[in-house]
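Only the coordinates and a few stated rules stand behind these numbers; no lab work does. This is a predicted model, so every value here is computed, not measured. Glycine also receives a Cβ, built like all others from the backbone with ideal geometry; neighbour counts cover every protein chain displayed.
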Amino acid sequence: MTTSLLRAGIVGLGIGGEHARGFVRSPHTELVALCDSDPNRLAQRAAEYGVPPELCFTDYKTMLAEAKLDVVSICLPNALHAESTIAALEGGAHVICEKPLAPSLFEARDMQRAAEINHRRLMVAYNHRYRADVLWIRRMIAEGRLGKIYNAYAWWRRETGIPGSGWFSQKHMAGGGALIDLGVHMLDMTLWLLGFPRVQTVSGHVTSYFGGRGLKVWGSPRWVNDASAEAFSVDDGAVGFLRCEGDLAINLHASWAEHRQPREDIIRLELSGTEGTAVLNVVNYVRDGTLHFYSEMAGEAVTVTPSLRWNGIYGHEALIVESMAALVNNQPAPADVTHGVIGVQVLEALYASSQSKREVVLS
Ligand SMILES: NC(=O)c1ccc[n+]([C@@H]2O[C@H](COP(=O)([O-])OP(=O)(O)OC[C@H]3O[C@@H](n4cnc5c(N)ncnc54)[C@H](O)[C@@H]3O)[C@@H](O)[C@H]2O)c1
């Protein structure tokens, strides 16, 4: 058990701001250093979190060399995850890396190896596990109320959610589009809730009918830059079918753009079990009324609509607080590197299947 506070640093200060809140909230860490190649963003976050100029860096290698960090969050564009994570691990820090762990399985395995060789932990920022409604489904499964789960539908679908032509929509920087960005969360949420059954085969079909035409670009200026739609080189929609051990099928659907209700953004998970079906339906990030549980009682169909209290901490804040507690108490990390590697492996196989138009068997 460590007694002094772990010194934390963050590289990349977009979603990295959420990591900052987690490190501030955790009783085991102090947020001491920040890095972003954009000096304006760096200055803004430094002011927000009271980080002094001598611990603010535009180059992460300098930060790793000078700031004596115990833990580093990597919140850079996907293509930079492997190099920066491995540098941090070799520098002696534990790492929380944003999702997807890497754009390719090759890089993900390199990162895993670096963690093993350097005896450091590598964790993945799967923050969507930490919603009160998702955690409720997890408890329902643990109590056996769904029985044997045989089918899962996992969606994240947006009507207008294309990240413009910034790095998210460029294959060499992101590795993929809607599937790698949104699909990875739904895949992880499903596999995690189901106890990580082994995925045996996958079939994928990815499409790109909007981004290349400059359509359905996310409304906030942060997501738009002045590059043209021609720079768009990733999928803006994807479906997948996964066969898993234990007679389980998972249907995955991720889209940044499609014709549906204006601005609609739906996270939906249906888990069908022999004793009950749990449905999570989050429309436009609402918290209330997202859950239904269907079963039978005394010979009649019943519908349960739980009212959750949402009185804890959630999302990145909860993920980081729990990850840091696990680290100092020598407990398994809640979202370990192996979960990151599995996600990348399945996504890569879905892209390969789409390209070959064949089912892919996972080794
Ligand atoms: N878990 C989630 O829900 C979630 C949400 C959003 C993004 N993400 C992930 O987080 C990562 C970052 O996404 P984002 O939305 O914050 O992107 P972003 O573009 O908003 O932020 C990335 C930041 O990194 C900085 N940067 C780029 N190259 C750098 C370098 N070499 N050195 C230092 N700084 C550099 C940029 O200036 C920028 O401020 C991605 O992997 C993305 O998939 C996860």
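Quickly rank 333-341, 52-60 as a protection proxy: mean count of other C-beta atoms within 10 Å, highest first. Don't skip to the answer; put the middle values down first.
Numbers: 333-341: 20.4, 52-60: 15.0.
So the peptides 333-341, 52-60, ranked by packing, come out 333-341, 52-60.
Could you state the number of Å between the C-alpha centres of region 257-312 and region 81-152? First find each Cα centre; the distance between them is then 25 Å.
Report note on the peptides 207-214, 28-35: ranked by the mean count of other C-beta atoms within 10 Å, highest first, their order is 28-35, 207-214.
Rounded to whole numbers, the Karplus 3J(HN,Hα) couplings from phi for region 277-290 are 10, 9, 10, 10, 9, 9, 9, 6, 6, 5, 9, 8, x, 8 Hz, using 6.51 cos²θ - 1.76 cosθ + 1.60 with θ = phi - 60°, and x at Gly and Pro.
Would you calculate a helix-derived [θ] at 222 nm for the chain, using -39,500 (n - 2.57) for each DSSP H run of n ≥ 4 and dividing by the full residue count, to the nearest 500?
Values: 10 runs with 110 residues, N = 363.
The helix contribution divided over the chain gives -9000 deg cm²/dmol.
Can you compute the FRET efficiency between Arg198 and Arg41 using 1/(1 + (r/R0)^6), with r the Cβ-Cβ distance and R0 = 51 Å? Round to the nearest 0.05.
Details: r = 41 Å, r/R0 = 0.80.
Efficiency computed from Cβ-Cβ geometry: 0.80.
With R₀ set to 25 Å, the beta-carbon distance separating Met297 from Asn251 gives a calculated FRET efficiency near 0.35. Remark: the chain carries a charge dipole of roughly 280 debye about the Cα centre, counting +1 on each Lys and Arg Cβ and -1 on each Asp and Glu Cβ. So how tilted is helix 16-25 from the main axis of the chain? Cα-based, degrees 0 to 90, rounded to 10. With both axes taken from Cα atoms, the answer is about 80 degrees. Candidate cross-link partners of Lys216 among the lysines, defined by an alpha-carbon separation under 23 Å and a same-chain spacing of 8 or more, comprise Lys171. Three semi-axes describe the equivalent ellipsoid of region 290-351; taken as square roots of 5 times the Cα gyration tensor eigenvalues and ordered largest first, they are 33, 22, 12 Å. Would you please state which residues of region 171-213 a label at Glu48 would reach in this model, taking the label point 7 Å out along Cα→Cβ and a backbone N cut-off of under 13 Å? Flagged as within label range: none.
Helix 39-49 and the long axis of the chain differ in direction by around 80°, with both axes built from C-alpha atoms. For the chain, DSSP calls about 60 percent of its internal beta bridges antiparallel. Report, to the nearest 10°, how far helix 81-90 tilts away from the longest principal axis of the Cα atoms in the chain, using its own Cα long axis and a range of 0 to 90°. It works out to around 50 degrees. Placing a pseudo-label 7 Å from each Cα along the Cα-to-Cβ vector at Arg287 and Thr58 gives an inter-label distance of 3.9 nm. Projecting the Cα atoms of Val134, His81, Ala254 onto the dipole axis of the chain, where Lys and Arg carry +1 and Asp and Glu carry -1 at the beta carbon, places Val134 farthest toward the positive end.
Label sites at Ser363 and Ala325, each approximated as a point 7 angstrom past Cα along Cα to Cβ, lie 3.9 nm apart. Charges were assigned to the Cβ only: +1 to each Lys and Arg, -1 to each Asp and Glu. The resulting dipole of region 128-311 about its Cα centre is roughly 320 debye.
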